[in-house]
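The block underneath contains the structure these notes are about, expressed in structure tokens.
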Amino acid sequence: MSRLGEIAFIAEYLAPLATHPAALGLKDDAALLTNLPANGLVVTADALLAGAHFFEDDDPGDAAYKALATNISDLAAKAAKPLGYMLTLALAEAPTQEWARRFAGGLSRAQHQFGIALLGGDTVSARGAWWMSITAFGEASPRGLVARGGAKPGDCLYVSGTLGDAALGLELRLGRADFEQALSPESRDFLLKRYLYPEPRLALREALAHYASAAMDISDGLALDLSRMCDASQVSAQVEAASIPVSAAAGAAAAGSAGTIEIILSGGDDYEILAAVPPPHASAFEAAGKEAGVCVTKIGVVKQGPGAPVFLGRDGTALVLAAKGFEHFSK
């Protein structure tokens, strides 16, 4: 099986993705960004490692798509318009033609979906599992950055889409889903796809810029990411667990296992938006979400802090979560 050297890999598979003039065709050591946005440049970076963020036997195109999508999700939560991205790719061995074709194909699909192009980066040899890191650049909205630290007591808490799908898909991949028998084949496939293919909510950019006091994407689970928003804003929060929006597939899983609610609240990889919205703007935010084609659901309220967010069950008592969410370097 023939393998590609670094120069051939870049020229044949990565250079065609570098359609932005700033990339200079990947023929230089840097990109040149001109006419920078007057409102500012939003920059975010995420690294994904085989065996941690995706499975080593996943299609490399699926992994590449997910890597770019997770970064675009960060831009979306900041109400930023994607402009371009840099890629660092570390491989334990030279890629085959087929691997390179699949990897570049996944990036190409993501670029087309999110309206973004490769600007440059690096390819290196690495020991152990392969990994990639993406740095994405976006144009800030006229208000600048929609930070996670702006939530105020009394603000309404909203989430986009449905939560828990990706975490339940991961449980299926790991073979430890005690709810699997409650799922139809279609529901099982839906959950697996949600794990591999995040859906950055770029359509909510305008709504967040106009109405949100704080926003962030949910990557490490609602429980942990809400606590991060609260810490940054020096507030607390109260969430009605029954208000958490779930898909039909997640609902079927929850009906088949009492412990599924904890996965929905604490599992990672949602890549939905968590936003705090002042009450006078709540109706307008909901209407803007509907117009954008993205469902937004009120799940709770910001409280005077400090204190950890409280999740209330149907009977009004606080839920005790064994896991708070995914955190690197946690013991």
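We did not get these values from a lab; they are worked out from the coordinates using the rules stated. Not measured: the values here are computed from a predicted model. Counting neighbours? That spans all protein chains shown, and the Cβs are built from the backbone with ideal geometry, glycine included.
The table that follows gives values for the structure above.
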| read-out | value |
| --- | --- |
| For the chain, built as a Gaussian network whose Cα springs stay under 10 Å, the top-fluctuating residue of D59, D217, D225 | D59 |
| Likely footprinting exposure, K78, K303, K27, K193, fewest C-beta neighbours within 10 Å first | K27, K193, K303, K78 |
| Which listed pairs, of K81/K193; K152/K290; K81/K303; K193/K290, have C-alpha distances above 27 Å, in listed order | K81/K303 |
| Reduced Cα scattering model of segment 148-312, Debye log10 I(q)/I(0), q = 0.13, 0.14 Å⁻¹ | -0.58, -0.67 |
| Footprinting exposure proxy for C295, C230, C156 (fewest neighbouring C-beta atoms within 10 Å first) | C295, C156, C230 |
| Whole-angstrom gap from segment 165-219 to segment 226-268, using each part's C-alpha centre | 12 |
| Dipole magnitude of segment 148-312 about its Cα centre (Cβ charges: Lys, Arg +1; Asp, Glu -1), debye to nearest 20 | 300 |
| For the chain, with +1 on Lys and Arg beta carbons and -1 on Asp and Glu, the positive-most of Y65, A47, I273 along the dipole | I273 |
| Over the chain: Kirkwood hydrodynamic radius from C-alpha pairwise inverse distances, Å | 20.7 |
| Gaussian network model of the chain, Cα within-10 Å springs - most flexible of G120, G154, G169 | G154 |
| Sorted by Cβ neighbour density within 10 Å, fewest at the top, the residues L4, L36 | L36, L4 |
| Distance (nanometres) between label positions extended 7 Å along Cα→Cβ at R176 and S243 | 3.2 |
| Angle in degrees between helix 60-77 and the longest Cα principal axis of the chain, rounded to the nearest 10 | 50 |
| Column: log10 I(q)/I(0), Debye, Cα scatterers of segment 1-67, q = 0.19, 0.26, 0.28 Å⁻¹ | -1.05, -1.15, -1.16 |
| Selected from A223, A276, A38 as most flexible by GNM, with the chain as the system and alpha-carbon contacts under 10 Å | A38 |
| Mean separation of Cα contacts under 8 Å, 6 or more apart, over the residue count of the chain: relative contact order % | 22 |
| Segment 131-274, relative contact order [Cα under 8 Å, separation at least 6], % | 44 |
| Placed amide H near R201: partners under 5 Å, 5+ positions off or other chain | none |
